Number of protein chains: 2
Amino acid sequence: MALLQRIRRQANRPATGELRLGIGDDCALLRLKPGEEMAVTTDLSIAGRHFHLEWHPPEAIGHRTLARGLSDIAAMGARPVAAFLSLGLPRELTVARGRSPSWADRFLAGFLALADVYQTPLAGGDLAESSLAVADIVLLGAVPQRKALLRSGAQPGDLLYVTGALGGSAAGLALLRECGAPVSRAAVHAPKADNPLAPHLWPQPRIAQGLWLRRNRALTAAIDLSDGLSTDLDHLCAESGVTAVIDAAALPLHPGATLEQALHGGEDYELLFTARPNVVLPRGIAGVAVTQIGTIARRRSGQPSVVLIDESGLRRPLLPGGWQHFF
Amino acid sequence: MALLQRIRRQANRPATGELRLGIGDDCALLRLKPGEEMAVTTDLSIAGRHFHLEWHPPEAIGHRTLARGLSDIAAMGARPVAAFLSLGLPRELTVARGRSPSWADRFLAGFLALADVYQTPLAGGDLAESSLAVADIVLLGAVPQRKALLRSGAQPGDLLYVTGALGGSAAGLALLRECGAPVSRAAVHAPKADNPLAPHLWPQPRIAQGLWLRRNRALTAAIDLSDGLSTDLDHLCAESGVTAVIDAAALPLHPGATLEQALHGGEDYELLFTARPNVVLPRGIAGVAVTQIGTIARRRSGQPSVVLIDESGLRRPLLPGGWQHFF
């Protein structure tokens, strides 16, 4: 019962400005400030596909579930307002063993710790028994009307940027797969700078960076790197009707990550964005690096969406090689 | 690929007043009218628990998935604004066989047909491969600030009402279980008045009735009947701090339904609500009957939340016997 109690405790918190009514009625009720609109995203995480009960600590699965949604909010330049969580779990994952909390309690601890950091109340959701563990996250955010960062605004001549480092999540996942066994608590909670698993287990959504970029009106387009640079950049180019040329030598590789992992790895949850060439961006925003990795060109028929200048200076098409949703 | 195409076709529809940006970016964007707030609900449906691939036609599963969310919006007296659908499916359910559409296409056809009736655009969601079929529905609705119908306002002396008929869904499910086999297309699409499966397969969310009741300021509390009368009435009484006394003889049983099915069956998606005794309600709203089934009394310590006056006039506690979420 600890899971429900913990969720109820959330419900009893005083409602914030936007959240007028939380868990406990047929719907939650939210109110925005005048002149704002609501950004809404949902992300489905499924055991065996998006996370692995064998390798991933439950706290990290909870953290990653919420981080996926927050990252979409960041990519719009919005601030998070409320989260909703639909959780389907096998019964054994909800049962505490002796003094150890249940898997579900540990999942929720990871989820709520990240929710606290970003002041995002858990405002509702659904719980059901399921033979397969599934978690669907819904994030609602607020953004001034007509000011959201879209995928569709990139123009020829723009410069292409990325926050943070690339490939760290894929490199961490590769390490986890090699271990095969559950990660020790020590490894899970090791200081982040020293922990090669941290970018994979504890990705940090770039909310502050998205807000800064939107407020400073610096951008023409933005997307978050959830599926992998090659795939997400292809989405941005398709929505904007442009071609991107990226420079392998300029990519901010995470220490320990390969170029392949940086290009196709996914789950880095950094922001990928474009700005007019006369815009001067800082080298970092709220402690996270900003790196120019390429340029935007006119789309010519028959040309690929994304061109990579490799380390020997050769230009080659870069096909989407990241996460496939399969439909 | 038909599934994605069909969803994309939705995305290309002109955005409605509230929906500023649909499928295709990191988030959808929604805008409310001044003075409105947003009602948000999520409902998780899982194969083997909320629906059965063996018995339920895929169109009906799509319809029921959306109806669950719309019914929560109705219970707040809100109007639906947008739906989001996260769908995890085994690959074989997405593959067309010869000229027959895939399971996923038929699911979506049922979903979108109901969405059309209630002018609710499918504004986003997520798709993933999954060994178990799961569907999480998110509904957003709009309601004037401070006017939403809540579970918590019932007062001693109020009268207790229900829309429509009770037990029809449970009776239909019992029939389906007996058949065991997939329902023939003829049975699925038979005229509703003649079709004992219709209340189960094609429940109608009471949006018009919820709007009427909210606009006429007739109510003190409301909830939708998703888990079953005994369970949902217990929720309403708990949130309001009152006791309900219901009269078995007054219950509007669906033809073919037993009293047990009407009390505990669930999934009728009717509205259960309370009004002050001096309020005169019509006998029907937008073609759906309104029936008084009991009264609200002061909650005395040690007393049950719900008391049933049975057909022989005896009063007995009615314990929640409907759907259990198990957590």
B:R300 and A:S152 label points (each 7 Å along its Cα→Cβ direction) are spaced in nm at 6.4 nm
Quick calc: nm separation of the 7 Å Cα→Cβ label points for B:V279 and B:L259 -> 2.9 nm
Output row for A:E260: copy-to-copy label distances, label 7 Å along Cα→C-beta, ascending, in nanometres, one decimal, is 6.1
Taking Lys and Arg as +1 and Asp and Glu as -1, residues besides B:A248 with C-beta under 12 Å from its C-beta add up to -2
For peptide A:135-145, the mean count of other chain Cβ atoms within 10 Å per residue Cβ is 4
Rounded to the nearest 10 degrees, the helix A:58-75 long axis (Cα) sits at an angle to the longest Cα principal axis of chain A of 40 degrees
Pseudo-spin-label distance A:R215 to B:E54, built 7 Å along Cα→Cβ, given in nm, is 5.8 nm
Most packed first (mean Cβ within 10 Å per residue), the peptides B:249-260, B:275-286 order as B:249-260, B:275-286
For A:D116, inter-copy label-point distances (7 Å, Cα→Cβ), nm, shortest first, read 5.0
Rounded to the nearest 10 degrees, the helix A:229-240 long axis (Cα) sits at an angle to the longest Cα principal axis of chain A of 70 degrees
For A:E92, inter-copy label-point distances (7 Å, Cα→Cβ), nm, shortest first, read 2.5
The answer for chain B, accessible area per residue at 1.4 Å probe in Å², is 40 Å²
Between A:A208 and B:S312, Cβ-based FRET efficiency (R0 60 Å, step 0.05) works out to 0.35
CD proxy, 222 nm, the protein assembly as shown: helix-only mean residue ellipticity via -39,500 (n - 2.57) per DSSP H run with n ≥ 4, per residue, nearest 500, stands at -8000 deg cm²/dmol
Taking every DSSP bridge whose two residues both lie in region A:14-163, the antiparallel percent to the nearest 5 is 70 percent
Taking a ≥ b ≥ c as the square roots of the Cα gyration tensor eigenvalues, with a/c under 1.5 meaning rounded and otherwise prolate when a/b beats b/c or oblate if not, the protein assembly as shown comes out prolate
With a ≥ b ≥ c from the Cα gyration tensor eigenvalues, square-rooted, and the rule rounded for a/c under 1.5, otherwise prolate when a/b > b/c and oblate otherwise, region A:211-260 is oblate
Per the C-alpha gyration tensor (a ≥ b ≥ c, the square roots of its eigenvalues), region A:202-327 is rounded if a/c is under 1.5, else prolate if a/b beats b/c, else oblate; here it's rounded
Burial-style ranking of B:242-248, A:309-315, average other-beta-carbon count within 10 Å with highest first, yields B:242-248, A:309-315
Note: A:289-298 gets an average of partner chain Cβ contacts (10 Å, Cβ to Cβ) equal to 0
Relative to chain A, whose Cα atoms define the longest principal axis, helix A:103-117 and its Cα axis are tilted in degrees, nearest 10, by 60 degrees
Whole-Hz Karplus couplings 3J(HN,Hα) for region A:132-143, θ = phi - 60° and coefficients 6.51, -1.76, 1.60, Gly and Pro as x, run 10, 6, 9, 9, 10, 9, 10, 10, 10, x, 10, 8
The percentage of the accessible area of the protein assembly as shown (probe 1.4 Å, all protein chains present) made up of carbon and sulfur atoms, to the nearest whole number, is 52 percent
Averaged over the residues of B:28-39, the number of partner chain Cβ atoms within 10 Å of each residue's own Cβ comes to 6
So the A/B interface buries, both sides summed and with a 1.4 Å probe, an accessible area in Å² (nearest 100) of 5100 Å²
Descending packing, highest mean Cβ count within 10 Å first, for B:23-30, B:124-131, A:75-82 is A:75-82, B:23-30, B:124-131
If each part is reduced to its alpha-carbon centroid, region B:135-174 and region A:77-123 end up apart, in Å, by 27 Å
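The values are calculated or read from the model by the stated rules, or taken from the named source; none is laboratory data. Just so we're clear, the structure is a prediction, and the values are computed from it rather than from any experiment. Glycine gets a Cβ as well: all are built from the backbone with ideal geometry, and neighbour counts include every protein chain shown. Side chains are part of the model used for accessible areas, which takes the heavy atoms of the whole protein and leaves out ligands, DNA and RNA. Shrake-Rupley method; radii C 1.70, N 1.55, O 1.52, S 1.80 Å.
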